[in-house]
Amino acid sequence: MTQGKINVSVENIFPLIKKFLYSDHEIFLRELVSNATDATIKLKHLTSIGEIKVDLGDPKIEIKIDKKKKRLHIIDQGLGMTQEEVQKYINEVAFSGAEEFMNTYKDSAKDAGIIGHFGLGFYSAFMVAEKVEIITKSYKEEPAAHWTCDGSPEFTLTSNDKKERGTEIILHIAKDSTEFLEESRIRELLTKYNKFMPVPIIFGTKTETLPKPEGADEKDPAPTIEVPNVINNPHPAWTKQPAELKEEDYKAFYRELYPMQFEEPLFHIHLNVDYPFNLTGILFFPKLKGDLNLQKDKIQLYQNQVYVTDHVEGIVPEFLTMLRGVIDSPDIPLNVSRSYLQADGAVKKISSYITKKVADKLSSLFKNDRADFESKWNDIKIVVEYGMLSEEKFMEKADGFALYPTIDGQFYTWTELEEKIKPNQTDKDGTFVLLYASDQDAQHSYIQAAKEKGYEVLLLDSPIVAHLMQKLETTKEKVHFARIDTDPIDKLIKKTDDTISKLSDEQKDTLKSKIEAVVASKEYAVQMEAMDSSAAPFMITEPEFMRRMKEMQQTGGGGMFGLGNMPDMYQLVVNTNHPLITEILEAKTDKKQEKLIAQSVDLAKLSKGLLKGAALTDFIQRSYSLIK
């Protein structure tokens, strides 16, 4: 038997780090600023616990561009390194100083906010630099160190005369990466990745206006001064306790996150948990539009205030990806390059917590101010309905605050629907029939027919409501949703057995053939029905099942294969007990009979909004001829 140790060749590992570990070269700045932040946080922590005694001052991180020499500088006033520590932390690939620090001070440093973990971030510098220098002075009374490497396994390490504590990283930018010598590009990256880092980051200067001296002329311009430009907010709202913040603070933070968003959020949810995992954040409910896809990727994921991604699928339940805001957790498992999530049990727990927190907030808003909640329902209903479809635990909680509006502007919870509507809208078989409209204007005549019967009509018009109705019908006992134009009202809520027709079977067959000849379209299936004589003589309906399955497939799943691309199908329902039907049958000439049928069918189409173009023109001309 042979035993041994696998050797990892540095010559081979360097190209892997440079080319494949970090797929996006711009990440280098995030990593180097994160390292500088860690060095500063470590120094603050060790000072606070009395481990070291130094003049901490007000440490900052500074980014400088030297375009002439093609250099980018990242300077911190943190812990610094001795030559021995440079050998240990820089020359040993994947040795994490941050992890070692956390292990050494695991009890006191638990909440310090150390960022690093894998010990590879520094090497991302070689993706954009042909040479990298480190000039560093430890807080210890030891000489400064100067490390240089050109991206090969060879390096030099010498002493340096640097006097101030901290580290300066100098990147000699490669020819193919000169974009990182542009101020606008660096500002863009700092704003994207480091906007909320816990240590002030200085990049360039800005002009500030000073108060005018006492007695100065009003016409004189106010004096100005150039000051360091701090590009980040080290203390964002989500790092504070909810008790420290007012409503205006949350709105100001929303504007800070989304400066181009002019509408105020409807409300916010402040996340703050420290067991069984650490997670903070603030989620905002914006006013949602109809297109679900345009709303996603607005939640930003951070780890210890370092931006990771805005693709939060997995950690944020899918139905909440339409919200906006920030989630920050040191316990989120990331890949080695800290660019995306790795699925594990912790992610599922965090996702469940967020779901519960959102449900609790919605329930609280509903109970505390129902009128305000109702006023915001149309803007949040898609999120609630999506959650009811996709998360069983959310569905259970939503039963108490999900609303079902009526065409008259009333709002009911499910319990209220059962208490107030069910007694009158239960059919002869004991099924609770919920009538609904999706377009109050287009379906007006159908709504009126239902109201004349004393029925309540819901207004359900969100793009995913067909899916929700399908789920409610399978989870609630003896419940059926029926769009108001699905069938004649007497058939939608059938209280008795079939009404007896005034026409014989022979008369019905004869009339049906003549109507089919006039309609001459496969889109309309003619159906002879015996109804109350006061009901409309001709009515166009859409079969509930086929239409709903089609709608469900168009909005993602739930339908039969290919159904979403099928044309709309309609039924032309003829009320055989209406006096007009008798008049049509008794018409003296075929021409008059055809004209009455055509006029009646077009009136039914007009009521449904289906009469357009040449058919509408013919109808108008025919109407004039009939009233001459």
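The values are calculated or read from the model by the stated rules, or taken from the named source; none is laboratory data. Note that the structure is a prediction, hence the values are computed from the model and not measured. When we count neighbours, we look across all protein chains shown, and the Cβ atoms used for this are built from the backbone with ideal geometry, even at glycine.
Of all residue pairs spaced 6 or more apart or on separate chains, those with beta-carbon atoms under 6 Å, a first member in the stretch 367-378 that is under 20 Å from ASP399 (Cβ atoms) and a second member that is surrounded by 14 or more Cβ atoms within 10 Å (Cβ to Cβ) are PHE373/LEU365; PHE373/PHE366; GLU374/PHE411; LYS376/LEU266; TRP377/LEU403. Of the conditions (1) modelled with pLDDT under 95; (2) more than 25 Å from PRO198 (Cβ to Cβ); (3) not β-branched (Val, Ile, Thr), HIS146 satisfies every one except a single condition; which number is it? If we test HIS146 against (1) modelled with pLDDT under 95; (2) more than 25 Å from PRO198 (Cβ to Cβ); (3) not β-branched (Val, Ile, Thr), just (1) comes out false.
Against the numbered list (1) more than 36 Å from the chain's Cα centre (by Cα); (2) at pLDDT below 90, SER124 comes up short only at (1).
A quick yes/no check of all residues on (1) surrounded by fewer than 16 Cβ atoms within 10 Å (Cβ to Cβ); (2) on the phi > 0 side of the Ramachandran plot; (3) among the aromatic types (Phe, Trp, Tyr):
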{"position": "ARG187", "(1), (2), (3)": "yes, no, no"}
{"position": "PRO213", "(1), (2), (3)": "yes, no, no"}
{"position": "GLU226", "(1), (2), (3)": "yes, no, no"}
{"position": "ASN233", "(1), (2), (3)": "no, no, no"}
{"position": "PHE262", "(1), (2), (3)": "yes, no, yes"}
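Taking residues in the stretch 471-498 that are in the same structural domain as ALA437 (by TED's automatic domain parsing), and partners anywhere that are of a type in the set (Lys, Arg) and not in a loop (DSSP other than H, G, I, E, B), the pairs with Cβ atoms closer than 7 Å and at least 6 places apart or on different chains are ASP485/LYS608. Checked against the criteria, LYS422 does not count as among the basic types (Lys, Arg), surrounded by fewer than 20 Cβ atoms within 10 Å (Cβ to Cβ) and either out of contact with any strand residue (DSSP E or B) (no Cβ under 7 Å at 6 or more places or on another chain) or within 24 Å of GLN527 (Cα to Cα) (or both). Restricting to the stretch 156-170, give me the number of residues that are surrounded by 11 or more Cβ atoms within 10 Å (Cβ to Cβ) and under 18 Å from GLY78 (Cβ atoms). Result for the stretch 156-170: 8.
Is at least one residue of the stretch 243-256 in a loop (DSSP other than H, G, I, E, B), under 18 Å from the mean Cα position of the chain (by Cα) and free of Cβ contacts under 8 Å to residues at least 12 places away in the same chain?
no
When the residues of the stretch 398-417 are filtered to those that are β-branched (Val, Ile, Thr) and over 18 Å from HIS444 (Cβ atoms), the one that is surrounded by the most Cβ atoms within 10 Å (Cβ to Cβ) is THR413. The residue of the stretch 24-34 that is nearest to LEU56 (Cα to Cα), among those that are in contact with a Ser or Thr (Cβ under 8 Å, 6 or more places away or on another chain) and in a helix (DSSP H, G or I), is LEU32. Do we find that LEU417 is modelled with pLDDT of 95 or more and not in a helix (DSSP H, G or I) in this structure? Criteria not met by LEU417.
Conditions (1) of a type in the set (A, V, I, L, M, F, W, C); (2) in a helix (DSSP H, G or I); (3) buried (at least 18 other Cβ atoms within 10 Å of the Cβ), marked per residue:
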site	(1), (2), (3)
LYS451	no, yes, no
TYR455	no, no, yes
LEU458	yes, no, yes
ASP461	no, no, no
ALA466	yes, yes, yes
LYS471	no, yes, no
ALA482	yes, no, yes
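Counting only residues that are modelled with pLDDT of 85 or more and surrounded by fewer than 15 Cβ atoms within 10 Å (Cβ to Cβ), the stretch 517-526 holds 1 of them.
Within the stretch 128-150, the set of residues being surrounded by fewer than 20 Cβ atoms within 10 Å (Cβ to Cβ) and either more than 14 Å from VAL86 (Cβ to Cβ) or not assigned by TED's automatic domain parsing to the domain that holds LYS42 (or both) comprises GLU130, LYS131, GLU141, ASP150. Evaluated against (1) surrounded by 13 or more Cβ atoms within 10 Å (Cβ to Cβ); (2) in contact with a strand residue (DSSP E or B) (Cβ under 8 Å, 6 or more places away or on another chain), THR207 falls short on exactly one condition, (1).
Confirm whether ALA243 is of a type in the set (Gly, Ala, Ser), surrounded by fewer than 10 Cβ atoms within 10 Å (Cβ to Cβ) and within 30 Å of LEU266 (Cα to Cα). Against the criterion (of a type in the set (Gly, Ala, Ser), surrounded by fewer than 10 Cβ atoms within 10 Å (Cβ to Cβ) and within 30 Å of LEU266 (Cα to Cα)), ALA243 qualifies.
Report whether or not ALA536 is aliphatic (A, V, I, L, M), out of contact with any helix residue (DSSP H, G or I) (no Cβ under 9 Å at 6 or more places or on another chain) and within 19 Å of TYR570 (Cα to Cα). So ALA536 does not fit the description; no.
Looking across the stretch 548-577, the residues that are outside any loop (DSSP other than H, G, I, E, B) and modelled with pLDDT under 75 come down to LYS550, GLU551, MET552, GLN553, GLN554, LEU563, GLY564, ASN565. Residues that are in a loop (DSSP other than H, G, I, E, B), closer than 30 Å to LYS595 by Cα and under 48 Å from the mean Cα position of the chain (by Cα) are absent from the stretch 420-440 altogether.
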